[in-house]
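J.: Would you mind keeping the following structure in view while I ask a few things?
Values quoted throughout were computed directly from the atomic coordinates according to the rules given, and no laboratory measurement underlies them. On a predicted model such as this, the values are computed, not experimentally measured, just so you know. When we count neighbours, we look across all protein chains shown, and the Cβ atoms used for this are built from the backbone with ideal geometry, even at glycine.
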Amino acid sequence: MRARSLHPRATLVALALVANAGVADAGPPARVEVTGTRVRVADVIRNAPADAAEVDLGPTPAAGGSRLIGRDQILQALREHQATEPARLPEAVRVVRRMRTLTLAELEPMVREALRQLPRGASIAAVRAPRSVEVPAGWSAVTAEMPRPPRRTGPFAATAIVTFLGGSDVIARVPVRVDLTLSAEAATPDLAHGTAVTLVVRQGLIEVRIGASAGADANIGDMLPVVLRPSGRVLQARLIEPTVALAVEGP
């Protein structure tokens, strides 16, 4: 008995079902959240062999972005490092940066700690951080920088840039408003105009110290004119200690 052949339309339907089944089996790439600035094989493959786990697969995407890592790219990295290839590899993995939401209660003490070395006479009155802020997870240190307050008394508002570091890599920067209170001590310069100062002149391995006087008020780190004694010549220098300035031009 001859088997009946399928109607052409039925054959097309059957082929479409098979094709759709293959697509369904493939599915979307797995999504993996990664902490740190580099993606490792261990991040995208569970129970990766020990010699393959730390093989580098490139940079982690920026916050809010993603990166697709395919099977061929994983294999290439493993073979370049002569690492053991796992028995099963995904066709593709979508990598995203793991994020963490910090509340005001968490962020405020971080800012205060990072700004503990304030200029003389300045104190933090309030930290006006957002109610919450989202930053990449995995930081190891938090630092903060803000403009030096003016030499005066009273309140002063400034914006501190809070930096989250993962090792030596910057993973996030967040601006935070900080209200300072400046005391009478903050209004007094580190070095007053006319005060005796030692001018340090460096040329290669040679260092010369010359008596001079401050040509203006200055704080440590500021540029100021210094007047050489007894010639009266004026040079530009940077104040590096309360009574020591480093010349930025030759005498």
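J.: Which cross-chain or sequence-distant (5 or more) residues have an amide H under 5 Å from the amide H of Ile171, H modelled 1.01 Å from N in plane?
T.: Phe164, Leu165, Gly166
J.: Tell me, what HN-Hα J-couplings in whole Hz come from the Karplus equation 6.51 cos²θ - 1.76 cosθ + 1.60 at θ = phi - 60° for each residue of the range 128-140, using x for Gly and Pro?
T.: 9, 7, x, 4, 7, 9, 9, 10, x, 6, x, 6, 10
J.: Moving on to the next point. Which loop-located GluC sites (Glu not before Pro) does the range 73-141 contain, where loop means any DSSP state but H, G, I, E or B and the Cβ has at most 14 other Cβ atoms within 10 Å? Could you put the intermediate results ahead of the total?
T.: Working: sites: Glu80, Glu91, Glu106, Glu113, Glu134; in loops: Glu91.
Here the GluC sites (Glu not before Pro) that fit, given the DSSP loop and packing criteria, are Glu91.
J.: Just flag the trypsin sites (Lys or Arg not before Pro) in the range 140-214 sitting in loop per DSSP whose Cβ has no more than 13 other Cβ atoms within 10 Å.
T.: Arg152
J.: Determine ³J(HN,Hα), in whole Hz, for all residues of the range 189-201 in sequence, where each value follows from phi through the Karplus function 6.51 cos²θ - 1.76 cosθ + 1.60 and θ = phi - 60°; x replaces Gly and Pro.
T.: Along the range 189-201, the couplings run x, 5, 9, 8, 4, x, 6, 5, 9, 9, 8, 9, 10 Hz.
J.: In addition: On alpha carbon coordinates alone, what is the Rg over Rh value for the range 196-247, Rh being the Kirkwood radius?
T.: On the way: Rg = 10.0 Å, Rh = 10.7 Å.
With Rh from the inverse mean 1/r over Cα pairs, Rg/Rh is 0.94.
J.: If the viscosity is 1.567 mPa s and the temperature 4 °C, what translational diffusion coefficient in µm²/s does Stokes-Einstein give for the range 39-147 when Rh comes from Kirkwood over Cα pairs? Working shown, then result.
T.: Working: Rh = 17.1 Å.
For these conditions, the coefficient is 76 µm²/s.
J.: How high is the relative contact order of the chain, in percent, with contacts defined as C-alpha pairs under 8 Å that are six or more residues apart? Mind dumping the intermediate values first?
T.: On the way: 485 pairs, mean separation 29.4, N = 251.
Over the chain, the number comes to 12 percent.
J.: Still on this structure: Quick check for me: using +1 on Lys/Arg Cβ and -1 on Asp/Glu Cβ, what's the dipole size of the chain about its Cα centre, in debye to the nearest 20?
T.: Numbers: 30 positive and 24 negative charges, 165 e Å.
Dipole of the chain, to the nearest 20 debye: 800 debye.
J.: Follow-up question, since we're still on this one. Among Ile240, Ala52, Phe164, pick out the residue whose Cα is farthest towards the positive end of the charge dipole of the chain, where Lys and Arg carry +1 and Asp and Glu carry -1 on C-beta, about the Cα centre.
T.: Farthest towards the positive end: Ala52.
J.: Would you mind classifying the range 100-187 by shape? Square roots of the alpha carbon gyration tensor eigenvalues, ordered a ≥ b ≥ c; an a/c under 1.5 is rounded, otherwise it is prolate if a/b is larger than b/c and oblate if not. List each step's numbers first, then the result.
T.: Values: a/c = 2.85, a/b = 1.93, b/c = 1.47.
It comes out prolate by the Cα gyration axes.
J.: Further, regarding this structure: Give me the net charge for the shell around Arg131: Cβ to Cβ below 12 angstrom, other residues only, Lys and Arg +1, Asp and Glu -1. Please list the in-between numbers first.
T.: Numbers: positive: Arg128; negative: Glu106, Glu108, Glu134.
Overall, the nearby charge balance is -2.
J.: Another question about this same structure. Is the range 109-251 rounded, prolate or oblate when judged by the Cα gyration tensor, a ≥ b ≥ c being the square roots of its eigenvalues, rounded requiring a/c under 1.5 and prolate requiring a/b larger than b/c? Mind dumping the intermediate values first?
T.: Working: a/c = 3.93, a/b = 1.84, b/c = 2.14.
Here the range 109-251 falls in the oblate category.
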